[in-house]
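Heads up, the thing below is written out as structure tokens.
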Amino acid sequence: MSFEGRKPNLAIVGATGLVGSTFRKVLEERRFPYGDVYMMASAKSAGIKIDFDGKEYEVEELTERSFDRPIDIALFSAGGGVSEKFAPIAAENGVIVIDNSSQWRMDPTVPLIVPEANPDDVKWHKGIIANPNCSTIQAVVALKPLYDRYGIKRVVYSTYQAVSGSGLKGIRDLEEGLRGNDIMQAYPHPIAGNVLPHIDVFTDNGYTKEEMKMILETQKILGDDSLRVTATTVRVPVRDSHSESINVELAKPFGDVNEIRDMFAASPGIVVRDDPGNGVYPLARAAAGTDEVYVGRIRRDFSVDSGINFWCVADNIRKGAATNAVQIAELLLRGSFLAPSYR
Ligand SMILES: NC(=O)c1ccc[n+]([C@@H]2O[C@H](COP(=O)([O-])OP(=O)(O)OC[C@H]3O[C@@H](n4cnc5c(N)ncnc54)[C@H](OP(=O)(O)O)[C@@H]3O)[C@@H](O)[C@H]2O)c1
């Protein structure tokens, strides 16, 4: 894979959506190098003008011909059906697709990457790279140092997920609901004033698809199919940032909780906010608009030999989607395009 010494040409598929507009913001902020950029969405948005990096771009309708031109990297966030159809077309045209939908995540030929955890998996892509589920990304950033240092026997996830995880219609449901108008476009029940133990569809085993994504994706990213993981995923009436209670049973003993706290503080992508006596712990509103994964409420789980509980918060649209995808694109550049010293 090479960009032949040029700045890569980019496509943003789903450029008008919540994740797509955050792609634009994150690419700008991180000064991602690019040559040409193409903004794509559905026929509905064709012709509208959107801003990127100080310039105005006209949105094109995504079609089977959209990749018949030199495009190096395409950031997809237009839903699973669009990714199923168009990611292979793009890949066949030599484009590297970084896909935000769940369509390709569990495909054994597609790497599923959290740059803090498994950056080297970028090397074996065959044209499509999957960005994990938002709730999985932040959890794995925190689990990786624990996994490497102590080994992990079992993980129990309980999530408190923001409505922005359901795109623009999730935000509309909450905002309208708060005005007393329960429109229910994104959810089967009103979300304002409610807590819904139901994200994505239910599967035959009683878990939701969101819960199964967290379980299977954690195993794939950490490269350990034997890792025992369970999850309960819950939608809460919060606009931005997912919060998670994570219980981990470690394979090896640890000294005291300070050891874990220091380890988190020294790990890439993690910020420790853990002074509960002074009201300091990770909060959804504080995490919104940032790229870090915040951990706090770190404490021993006394019910097992070597267990910890902690609270983990991150912006689901940034680290949980756009930022992680742009970081994957940066890995591609570091591996083959920018100076070798970058590796
Ligand atoms: N929100 C999150 O936290 C999050 C996190 C990780 C991954 N994701 C994934 O990212 C994707 C988008 O999520 P979102 O929250 O950004 O949703 P969104 O705000 O509803 O945006 C959807 C985007 O997809 C485009 N689109 C829809 N149908 C299309 C089609 N047939 N052809 C081309 N473009 C089409 C839309 O274009 P129009 O404006 O023209 O309709 C829009 O740009 C989903 O797969 C979602 O699962 C979301």
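The values are calculated or read from the model by the stated rules, or taken from the named source; none is laboratory data. Since the structure is predicted, the reported quantities are computational estimates derived from the model, not experimental observations. All Cβ positions, even for glycine, are placed from backbone atoms using ideal geometry, and neighbour counts span all protein chains on display.
Only residues that are closer than 24 Å to Lys85 by Cβ, among the aliphatic types (A, V, I, L, M) and within 11 Å of the chain's Cα centre (by Cα): list them for segment 97-143, please.
Those that are closer than 24 Å to Lys85 by Cβ, among the aliphatic types (A, V, I, L, M) and within 11 Å of the chain's Cα centre (by Cα): Leu112, Ile113, Ala130.
In segment 122-147, which residues are free of Cβ contacts under 8 Å to residues at least 40 places away in the same chain and assigned to a helix (DSSP H, G or I)?
Matches in segment 122-147: Trp124 only.
Please pick out the residue among Thr22, Thr16, Thr109, Thr63 that is touching a Lys or Arg at 6+ places or on another chain (Cβ under 8 Å) and without any contact (Cβ under 8 Å) to a residue 60 or more places away in the chain.
Thr109 is the lone residue from the list that is touching a Lys or Arg at 6+ places or on another chain (Cβ under 8 Å) and without any contact (Cβ under 8 Å) to a residue 60 or more places away in the chain.
Can you pull out the residues in segment 49-94 that are under 27 Å from Cys134 (Cβ atoms), away from the ligand (no atom under 11 Å from the Cβ) and not in a helix (DSSP H, G or I)?
If the condition is that a residue be under 27 Å from Cys134 (Cβ atoms), away from the ligand (no atom under 11 Å from the Cβ) and not in a helix (DSSP H, G or I), then Asp51, Phe52, Asp53, Tyr57, Phe67, Ile71, Asp72, Ile73, Ala74 are the ones that fit.
Hey, can you tell me all the residues within segment 25-48 that are more than 12 Å from the ligand (Cβ to nearest atom), assigned to a helix (DSSP H, G or I) and without any contact (Cβ under 8 Å) to a residue 60 or more places away in the chain?
Answer for segment 25-48, where residues must be more than 12 Å from the ligand (Cβ to nearest atom), assigned to a helix (DSSP H, G or I) and without any contact (Cβ under 8 Å) to a residue 60 or more places away in the chain: Glu28, Glu29.
If only one of Asp274, Asp305 is surrounded by 19 or more Cβ atoms within 10 Å (Cβ to Cβ) and out of contact with any His (no Cβ under 7 Å at 6 or more places or on another chain), which one is it?
Values: Asp305 fails: surrounded by 19 or more Cβ atoms within 10 Å (Cβ to Cβ).
The match here is Asp274.
Please enumerate the residues belonging to segment 148-165 that are assigned to a helix (DSSP H, G or I) and surrounded by 22 or more Cβ atoms within 10 Å (Cβ to Cβ).
Within segment 148-165, Val163, Ser164, Gly165 meet the criteria.
Among the residues that make up segment 240-255, is at least one of them in the same structural domain as Cys312 (by TED's automatic domain parsing), basic (Lys, Arg) and within 20 Å of the chain's Cα centre (by Cα)?
There is no residue in segment 240-255 that is in the same structural domain as Cys312 (by TED's automatic domain parsing), basic (Lys, Arg) and within 20 Å of the chain's Cα centre (by Cα).
Only one of (1) surrounded by 20 or more Cβ atoms within 10 Å (Cβ to Cβ); (2) within 11 Å of the ligand (Cβ to nearest atom) fails for Ile128. Which number is that?
Among (1) surrounded by 20 or more Cβ atoms within 10 Å (Cβ to Cβ); (2) within 11 Å of the ligand (Cβ to nearest atom), Ile128 violates only (2).
Restrict the check to segment 313-321 and report whether at least one residue is more than 21 Å from Gly167 (Cβ to Cβ), among the hydrophobic types (A, V, I, L, M, F, W, C) and in a strand (DSSP E or B).
no
Is there any pair with a first residue in segment 283-307 that is under 16 Å from Val155 (Cβ atoms) and among the hydroxyl-bearing types (Ser, Thr, Tyr) and a second that is crowded, with 16+ Cβ neighbours inside 10 Å and at pLDDT 95 or above whose Cβ atoms are under 6 Å apart and which are 6 or more apart or on different chains, and what are they?
Cβ pairs passing all conditions: Ser306/Leu250.
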